[in-house]
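The values are calculated or read from the model by the stated rules, or taken from the named source; none is laboratory data. Keep in mind the model is a prediction, meaning the values are calculated, not measured. Every residue, glycine as well, gets a Cβ built from its backbone with ideal geometry; the counts of neighbours run over all protein chains shown.
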Amino acid sequence: MRSLLKFVSIVLCLLGAVEFIQAGTTGKIVGRVTDAATGEGLPGVNVFLENTTFGAATDMDGNFMIIGVPPGTYTLVASYVSYREVRVTGVQVNIDKTRRVDVKLEPATLELEEAIVVEADRPLFRKDLTSTESSIGRETIEALPVEDLSEVINLQAGVVNGHFRGGRVGEVMYMINGIPMNDVYSGTYALEVENNSIQELNVISGTFNAEYGQAMSGVVNVVTKEGGTKPELNVSVYSGGYLTAHDDIFWQKDFNPIYDVQFTAGGPFPFTGNKLRYFMSGRWNKDPGYIYGRKVFLPTDHTSDFLLKDVPEERQFMSHGKMYQFSEELARKLIDEAQAVSMNPMERYSGNLKLTYQLTNVDKINVETMYQRRAWRQYDHRFRLNPDGDYRYKQWTINASLTWKHVFSNRTFMDVYFSYFYTNFKQHVYEDPYDPRYVVKERLQDTGANAFVSGGQQMWHFDRSTLTHLFKSDLTSQINYHHQIKMGVEAKRHRLWLHEFEILPDQENRIAPLTSFQNNKYVHYPVEFSGYIQDKMEYEDLIVNAGVRFDYFDPDGEVPTDFLEPGKAPRKKANSSMQFSPRLGLAYPISANGAIHVSYGHFFQTPNYFYLYTNPEFDIDPLQSSVAPPPQSLKNTIGNANLKPQKTTIYEIGLQQQIGQLYGISMTVYFKDIRNLLGTQVFQTLEGIRYGRYINRDYGFVRGFTLDMEKRYSSGFALNIDYTFQVAKGNASDPNNAFLDAQANKETVKQLVPLNWDRRHQINAALQLGTPSTLMASVIARYGTGMPYTQASRVVQPLVENGGRKPDEFNVDVYLNKQFSFGKYKYSVFVKVYNLLDRLNELQVFQDTGRATYSTEPLYAGGIRPRGLNTLEDYYIHPEFYSAPRRVQLGVQVGF
């Protein structure tokens, strides 16, 4: 730790002599101002962005440079004595990119001549693009049929259901205004920015610069809106529901309505002279879900006679506390007439408040708070007739940040950023572990195979939280026209708290002691530190992004010294880790409208902390209970705080070319070598009990290419089509594979096989038709070949893991928007239709048939009726195997 503190001190001293800027949230404008008649550069021209504090003066050759510009669309003004003022509108700035704007000034013949207004060209290719990334502005997001940030991300080439270029989930860094927002326990983002708060979304699916760390597959950077100089308010309200003909699968004809209310407001505070501005947004979204069960049974019901009687007519069962004699007619009647209950509902509240205070011309303060609360359920097929017995999930998250920016000159300024991030996750059936409705776990065992459970409930309580304090400071120094040096440091201290336990209603205390396998609790305080330096070199025929990153991690954990008795053995402190990772990207302009880029990098990521601290007492349970712990745990598996960082090496080469003023095409070929992935090592105790321990053992590779074609909006329509071909293979899709194989007495795979998310072909198309100010329609169509699955049946055992392919997937979404104005107010009426064709995409399949629609398993039942109320046909209809049915939403929006 002393060596780390010394390293931090040296870096901070070095950086104290230079200037800082918040990384990854701004862009740059460069250009040259010339005399329109002679073509000579004009020195001393005042160039600035209207209604901002950003500006510069041209040098002796007429060149100018404005750095640190937030993403958005601006009007650039060039003003010079004895020349007519020129206003260039529609200047678009993107995160981490250079926008070139050249201006020609004409001599003024009259003293009060009006300014010349020109529309800036919007190039479809970016000369300084050295890796694969997409910048999506708020106008594009507002025009598409998308509800959430994840839907926008999944539209990008190379992204398949959250997997970036074949990587595992959790290998992507999610950032808000340049600050990491991943929950380090799970690796996923616990705070989702609502679409109405996004100014620009930057998705990097290839290599990325040294300023980004703790990611192996990609980076998602969201920049939120700031309040403008004029008041604004927008409110949208819409409702709808699921309309499908597949009520035999989803068990519901008349679905409950969906509700969604959103608002944004912003502008200056009165009497502050635009120095203090605000932006705020909020959303309430309630989706009742589309998979329904029937409340035939309560958890307190008890139907042990199902196991005792072989003849169905001799069986008795309990429903809502009343005993019945079984008959086919009664069973069907009770199911059909029972209360319908949604088994995958979701309700979410979210809010955002951002204050911007321009203290002086060189000092700016941002204070932002984001909040989100969610409650939801996940469908478990076993509980379809006993829906009250399954888990409920709750999570709430808050992030608060403070940024102070001080500008030293037109080429240097400093940001100091502090943030507080907290998320809490709960999983239980009843919130109170002493709730009298809890019954013994044996109730879940009353029903036999191919039958829905007829009583009992899930038994585990799971509660955890992550608290992260972060300090971040980055540097950008435009030392000359060709070199932009950027460096920064980041320090994070986490607090991870977890408590999980099994409810034991048959015991007096109901909660087992902490020394038992059924009760786990821990608090850990891991620390992360990182620093980087990079240089962006921009020449006429070459752009280079080169840098190196340093990462340090102290896990604050312990590991056992003896794996024959891990729960009893002494423990030792886990080791800290550190690594350097080089990054290099080059772009070669091959024409005025085309460029080739080549990039290479080493990318490291600390494993999700869940794997470091699983089973903190290293307890090995000799009993194989039929009531499994929650999905966040795995029975008889222990964590490993000595896990090494996972590593990916990425190579890519790409071409982008603009054709005329309206069309652009880009293609990228990439290869990823993945090492030190998480897996499990199987041990055996002195008592002969097998257990798994997480280690760095898995590996894989990904290769593929993407092709993107764009037609910018003109003549009433715009079109974007992207295609991805990809091969993603590895020795395991799940870190637990080796342990699960050992439990099933299977041999662990020793060859590369397709990963679970290996989609060979993916096509996304987005079409916009109409006039944005009046009537607009947009359509998103997506096609993907089937994911792999492992074939198996009673007759033929699996020959090759993931050797089969599921059916292809296809989906169409539509958005219609009619706008009109009345006075200063703007109105719009819209309709959104998701899964327009009501297609049943088969996301999961039966292993024996490769289809979700049928299985051969009922043929082996020998005509024996399941020991439950349902029939075989009922049980082998799995609604969770399919994508969501058609969803229609109607709404109205008003604003000014």
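Within region 381-439, the set of residues being within 30 Å of F846 (Cα to Cα), in a strand (DSSP E or B) and among the polar types (S, T, N, Q) comprises Q427 only. Note on region 593-605: among residues that are surrounded by fewer than 22 Cβ atoms within 10 Å (Cβ to Cβ) and at pLDDT 90 or above, the one that is farthest from T648 (Cα to Cα) is G594.
Taking the conditions exactly as written (in a loop (DSSP other than H, G, I, E, B) and either of a type in the set (S, T, N, Q) or surrounded by fewer than 22 Cβ atoms within 10 Å (Cβ to Cβ) (or both)), does T75 satisfy them or not?
no
Across region 137-160, the qualifying residues are those that are within 20 Å of Q646 (Cβ to Cβ) and touching a residue at least 60 places away in the same chain (Cβ under 8 Å), and the one among them that is surrounded by the most Cβ atoms within 10 Å (Cβ to Cβ) is G158. In region 102-121 there is no residue matching the filter, namely being closer than 30 Å to G770 by Cβ, more than 15 Å from the chain's Cα centre (by Cα) and crowded, with 20+ Cβ neighbours inside 10 Å. Of the residues in region 854-866, none is over 30 Å from F326 (Cα atoms) and of a type in the set (G, A, S). Of all residues in region 329-352, those that are without any contact (Cβ under 8 Å) to a residue 12 or more places away in the chain have Cβ atoms under 7 Å from Cβ atoms of residues that are among the aromatic types (F, W, Y) and outside any helix (DSSP H, G or I), 6 or more apart or on another chain, in L330/Y324.
The listed residues are Y324, Y357, Y259, and the only one of them that is surrounded by 15 or more Cβ atoms within 10 Å (Cβ to Cβ), in contact with a Ser or Thr (Cβ under 7 Å, 6 or more places away or on another chain), of a type in the set (F, W, Y) and assigned to a strand (DSSP E or B) turns out to be Y259. Taking the conditions exactly as written (within 30 Å of V598 (Cβ to Cβ) and either small (G, A, S) or part of a loop (DSSP other than H, G, I, E, B) (or both)), does E540 satisfy them or not? For E540, the condition - within 30 Å of V598 (Cβ to Cβ) and either small (G, A, S) or part of a loop (DSSP other than H, G, I, E, B) (or both) - is met. Within region 783-797, residues that are of a type outside the set (D, E) reach partners that are at pLDDT below 85 and part of a loop (DSSP other than H, G, I, E, B) with beta carbons closer than 9 Å, at six or more positions or on different chains, in the pairs T790/P798; T790/V800; Q791/P798; Q791/L799; Q791/V800; A792/P798. A single entry from T397, T403, T412, T423 fulfils the requirement of being closer than 30 Å to N195 by Cβ, touching a residue at least 40 places away in the same chain (Cβ under 8 Å), crowded, with 19+ Cβ neighbours inside 10 Å and over 20 Å from the mean Cα position of the chain (by Cα): T403. N352 falls short of the stated requirement of being assigned to a loop (DSSP other than H, G, I, E, B), in contact with a strand residue (DSSP E or B) (Cβ under 7 Å, 6 or more places away or on another chain) and closer than 30 Å to W404 by Cα.
Restricting region 561-587 to residues that are of a type outside the set (A, V, I, L, M, F, W, C) and crowded, with 19+ Cβ neighbours inside 10 Å, the residue that is nearest to N63 (Cα to Cα) is G585.
Evaluation of R851 against the conditions (1) touching a Ser or Thr at 6+ places or on another chain (Cβ under 8 Å); (2) at pLDDT 90 or above; (3) not aromatic (F, W, Y) shows that the sole unmet condition is (1).
Condition check: within 30 Å of D380 (Cβ to Cβ) and assigned to a strand (DSSP E or B). Does H461 satisfy that? In short, yes.
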